[in-house]
Amino acid sequence: MTTIAAAGVMRIVTAGCAAVIAAAISSGPAFAAPSDATDAPPAGKVTVDVLTVNGSGCPAGTATTRVVADNTGFHIAYSDFIARDGGTSTPTGFRRNCQVSLQILIPQGFTLAIARADYRGRAYLVSDASALQRTNYYFQGEAANNLADHTFDGPFNSAWHTTDITAAAALVYAPCGETVILNVNTELRVDSPRLASWISMRSSDGDVDTLIQFSWKQC
């Protein structure tokens, strides 16, 4: 199931063969006013550096980034991001969160918005268990809230993939000519009254990561 929590954003959840799609119809505010000259990625080098990592789901050194070769986005990989509940799980283990603050260096003359975010993980949920994946991503100083909830119900034992797509009219662009700081705050939560269940975004569980994709504009 998918919950809409931000204007102008489409939420998609894929688990096995099932997909649920919903779309918000109102648009969010614009943060900058780039021209409409082009949306092609710049040819110059784009770098994404981790400034800070905080949260119970990402101890120091367990979150890394990698820029896509064509400058269309970047990956975040977590090596220790898992929430557990039920069985012998710890009382606080049912919820894990991670906030990653990233500095994005943009080639001169361009600005960017977050157009799409894909999250991949795995989960094992018994029949009476449920899980939540929640993400909020925003530029430093931005008022717009891009909060998205995706929920899963047991029984479930598979990989999962969720997608947030921002409508073109609702894209929030970073200020032109400034270094961009992007915050990505992700939460995993599981509720299992009896037997052990878990939801994970650990890279050790296979093809698991977060992919953030840009929309580019010339200033």
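The values are calculated or read from the model by the stated rules, or taken from the named source; none is laboratory data. Here the structure is a predicted model, which means the values were calculated and not measured. With ideal geometry, Cβ positions are generated from the backbone for all residues, glycine too; neighbour counts draw on all protein chains shown.
Across region 192-216, what is the total count of residues that are closer than 17 Å to residue 151 by Cα, buried (at least 18 other Cβ atoms within 10 Å of the Cβ) and of a type outside the set (Val, Ile, Thr)?
Total satisfying the criteria: 5.
Scanning for something crowded, with 17+ Cβ neighbours inside 10 Å and among the polar types (S, T, N, Q), does region 167-184 turn up at least one residue?
No, that holds for no residue.
Each row is one residue, and each column tells you yes or no for (1) modelled with pLDDT of 85 or more; (2) closer than 14 Å to residue 171 by Cα.
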residue	(1), (2)
24	no, yes
38	no, no
44	no, no
50	yes, no
66	yes, no
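Conditions tested, residue by residue: (1) modelled with pLDDT under 95; (2) buried (at least 18 other Cβ atoms within 10 Å of the Cβ); (3) within 13 Å of the chain's Cα centre (by Cα); (4) acidic (Asp, Glu).
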| residue | (1), (2), (3), (4) |
| --- | --- |
| 96 | no, yes, no, no |
| 101 | yes, no, yes, no |
| 124 | no, yes, no, no |
| 129 | no, yes, no, no |
| 140 | yes, no, no, no |
| 156 | no, yes, no, no |
